[in-house]
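What follows is a set of notes on a single structure, which appears directly below.
The values are calculated or read from the model by the stated rules, or taken from the named source; none is laboratory data. Worth saying up front: this structure is predicted, and the values here are computed from it rather than measured. Glycine gets a Cβ as well: all are built from the backbone with ideal geometry, and neighbour counts include every protein chain shown. Areas reflect the complete protein model, heavy atoms only, side chains present, ligands, DNA and RNA absent. Shrake-Rupley method; radii C 1.70, N 1.55, O 1.52, S 1.80 Å.
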Amino acid sequence: MVVTPVERTDHELLAAYAGRGDLVAFQRLVERHQLRLIRLADAIIVDAAAAVEAVDEGFLRLARHADTLGATARSEGLGGWLCTVVRNAAIDLLRRGRGPTVLPLDGQADAASSDQPCATAQAGTAETGTLLWREVAGLPPLERAAVVLRYRDGLA
C-alpha cells in the first residue's frame with residue numbers, strides 16, 4: 001500500500017518556516033506561488049528581469065514577516081498577500097523607469113500550463129484576442145493587473 005503524503009497548507013508551511021526556520025517549507029511556498037507571481041509581475045511591467053526582481057522582493061518580504069503573517073495566511077490567504085506585495089513592487093519598478101508599460105500581444109499565457117485558458121484563447125479568434133490585449137495594454141498598471149489576474153489567471 002502506497003501512502004501519499006498530505007500536502008501542507010500555506011499556513012502550515014509558513015508556521016514551519018517562522019517557527020523552526022524550515023527552509024524546505026519556505027522553498028515549497030516559493031514553488032507553489034512563484035509562477036503565478038512572475039506572470040502577474042510580467043503583465044504589469046513586461047520586463048522579465050524586472051518581473052523576477054518584483055517576485056524576489058515579494059518572497060524577501062515574506063521571509064522577513066513570516067512570524068507576523070500567520071493570521072493573514074489563514075484568513076485572507078497567503079497567495080493574495082503575495083500578489084499584493086508583488087503587484088506593488090512591480091508598480092514601484094515601473095515608476096522608477098523599469099520596463100515598458102504595454103503587454104506583449106503574443107505569448108500572453110501558455111494555456112497548456114494554466115488551469116484557465118488565457119483571454120486570447122477565449123476570445124474566439126486570434127484577431128479579436130489581439131485587439132482585446134491591445135486595449136488591456138492601454139490600461140493603467142493597477143487596472144491592467146486586475147484584468148490579467150481575473151481573466152488570464154482566473155483569480156477573483
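Observations
- Apart from one condition, Gly97 fits all of (1) at pLDDT 80 or above; (2) on the phi > 0 side of the Ramachandran plot; the exception is (1).
- The single condition from (1) open to solvent by 70 Å² or more (accessible area, probe 1.4 Å); (2) more than 30 Å from Leu139 (Cα to Cα); (3) at pLDDT below 90; (4) not charged (D, E, K, R) that Ala48 fails is (2).
- Of all positions in the range 52-68, at least one carries a residue that is among the aliphatic types (A, V, I, L, M), at negative phi, open to solvent by less than 70 Å² (accessible area, probe 1.4 Å) and at pLDDT below 90.
- The residue that is least open to solvent (accessible area, probe 1.4 Å), counting only those in the range 1-14 that are under 18 Å from Asp67 (Cβ atoms) and at pLDDT below 90, is Asp10.
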